[in-house]
Amino acid sequence: MTRYMMEHPRTLVSLKFFGQRYDSAKSSISEDLSIIRHAFHTWGMGRLETIPGASGGAVLTPFYSKENAEAAIADLVKEVSDDSRLLQGGYVYLSDLIGRPDILRRVGRLIATQYVDKDVDVIMTVETKGIPIAQSVAMYLNKPFVIVRNSSHITEGPTVSVNYVSGSVKRIKKMELSRRTLSAGANVVVVDDFMKGGGTLNGMKSLIKEFDAHLVGMTVFAEGEVSGERLVDNCTSLIKVNAVDDRNKTISAQAGSFIDTVFGNKEN
C-alpha cells in the first residue's frame with residue numbers, strides 16, 4: 001500500500017480499491033493506513049489524509065520536514081563544494097548531479113515541499129538542464145510540466161514567443177512555448193537549475209503573462225553571485241555559491257534561501 005501511494009502521490013485512492021486489491025476488509029485497510037500515517041509523520045516524509053464517505057479514500061502528500069530538508073540541502077552543499085566544478089564566467093558545473101536519480105529525487109521533493117499547500121497547475125522550465133528537475137517536481141506534485149524552447153519545433157504547433165535580456169551577458173534572446181501547453185488562468189511554478197542574473201527566469205515570467213497565466217513561485221537548484229541587481233525577485237534557491245574566485249579556482253557553497261522561505265521559524 002505504501003509503495004502504491006508513493007507511486008501515485010496526491011491522488012485519492014479509495015479504501016474499496018485497496019480492499020479488492022489485497023482481498024481485505026475495509027477495517028483492516030483503515031488500520032494499515034493508520035500505521036502508514038504514523039510512519040510518514042514520524043519520519044517527516046509527508047502526510048497521509050483520509051477522507052470519509054462513499055467517495056472518500058486516502059491521499060498521500062510527500063514532502064520534507066524541516067529537519068530532513070536541512071539534511072538534504074547539507075548533502076547538496078557538500079556535493080557542490082568541489083573546486084573542479086568552477087566554469088568560466090562564475091558558472092558551476094552541475095550536469096553530473098542533475099543526472100543522478102538520487103539527487104533528482106531529493107531536489108524534486110524539496111521543491112515540491114515549498115508548494116505542497118499551493119494551488120499549482122503546471123511546472124515550467126526552460127530547455128535543457130532544467131528538464132530533469134521539472135520532471136521530478138512534477139512527479140511529487142502530480143502535475144504536468146512544460147518546456148520553454150529557445151527555438152520552436154515543427155511538432156510544437158503554433159507558439160507564443162517573447163524576447164528577454166540575459167542577466168549575465170546582457171544579450172537579447174528569444175524563448176517560445178507552444179500555445180497548447182499552457183491555459184489562461186493556470187497557476188505556474190517555474191524551476192531551473194542555475195540562476196545568475198535572472199534573465200532566463202524573467203523571460204519565463206514574461207511568457208506566463210502572455211498566456212494570462214499566474215506565477216505561483218520560482219525555485220532554482222543553485223544561485224551564483226552576480227554583480228548588480230538581479231532581474232527577478234523572490235526566487236528561492238536550494239543552495240548558493242557564495243564565493244567564486246576565477247583566479248584561484250575555488251568554490252564556496254552554502255544553503256540557499258529555501259529553509260527560511262519555506263519553514264521560517266517553524267520547527268516542522
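When region 250-265 is limited to residues that are over 20 Å from Arg109 (Cα atoms) and part of a strand (DSSP E or B), the one that is modelled with the lowest pLDDT turns out to be Thr250. Scanning region 24-44 for residues that are surrounded by 16 or more Cβ atoms within 10 Å (Cβ to Cβ) and basic (Lys, Arg) turns up just one, Arg37. I'd like the residue in region 184-203 that is touching a residue at least 40 places away in the same chain (Cβ under 8 Å) and over 15 Å from the mean Cα position of the chain (by Cα) and, out of all such residues, is farthest from Phe145 (Cα to Cα). Per the criteria, the residue is Lys196. Taking the conditions (1) more than 22 Å from the chain's Cα centre (by Cα); (2) farther than 23 Å from Lys143 by Cα; (3) surrounded by fewer than 16 Cβ atoms within 10 Å (Cβ to Cβ) in turn, Ser55 satisfies each one other than (2).
Screening Ser55 on (1) in a helix (DSSP H, G or I); (2) farther than 30 Å from Gly197 by Cβ; (3) not acidic (Asp, Glu) shows it passes everything except condition (1).
Inside region 36-52, can you point out the residues that are out of contact with any Leu (no Cβ under 6 Å at 6 or more places or on another chain), hydrophobic (A, V, I, L, M, F, W, C) and not in a loop (DSSP other than H, G, I, E, B)? If the condition is that a residue be out of contact with any Leu (no Cβ under 6 Å at 6 or more places or on another chain), hydrophobic (A, V, I, L, M, F, W, C) and not in a loop (DSSP other than H, G, I, E, B), then Ala39, Trp43, Ile51 are the ones that fit. In this structure, Val92 does satisfy being among the hydrophobic types (A, V, I, L, M, F, W, C) and touching a Phe, Trp or Tyr at 6+ places or on another chain (Cβ under 8 Å). Filtered by the rule that a residue be basic (Lys, Arg) and touching a Lys or Arg at 6+ places or on another chain (Cβ under 8 Å), region 50-82 gives a lone residue, Lys66. Inclusion of Glu70 among residues that are outside the structural domain of Leu15 (by TED's automatic domain parsing) and of a type in the set (Asp, Glu) is warranted. For Asp83, the conditions (1) surrounded by fewer than 16 Cβ atoms within 10 Å (Cβ to Cβ); (2) acidic (Asp, Glu); (3) within 19 Å of the chain's Cα centre (by Cα) all hold with the exception of (3). Does Leu97 satisfy the condition of being aliphatic (A, V, I, L, M), under 12 Å from the mean Cα position of the chain (by Cα) and crowded, with 18+ Cβ neighbours inside 10 Å? Here the answer is no, as Leu97 does not meet what is asked. Which residue pairs have Cβ atoms closer than 6 Å, lie 6 or more positions apart in sequence or on different chains, and pair a first residue in region 92-117 that is more than 17 Å from Tyr140 (Cα to Cα) with a second residue that is part of a helix (DSSP H, G or I) and among the β-branched types (Val, Ile, Thr)? Hits for this filter: Leu97/Ile103. Is one or more of the residues making up region 136-150 surrounded by fewer than 19 Cβ atoms within 10 Å (Cβ to Cβ), in a loop (DSSP other than H, G, I, E, B) and over 19 Å from the mean Cα position of the chain (by Cα)? Yes: one or more hits. Of all the listed residues (Arg105, Arg21, Arg47), the sole one being modelled with pLDDT of 95 or more, surrounded by 12 or more Cβ atoms within 10 Å (Cβ to Cβ) and over 30 Å from Val241 (Cα atoms) is Arg47.
The values are calculated or read from the model by the stated rules, or taken from the named source; none is laboratory data. What you see is a predicted model, and the numbers here were worked out from it, not measured in a lab. All Cβ positions, even for glycine, are placed from backbone atoms using ideal geometry, and neighbour counts span all protein chains on display.
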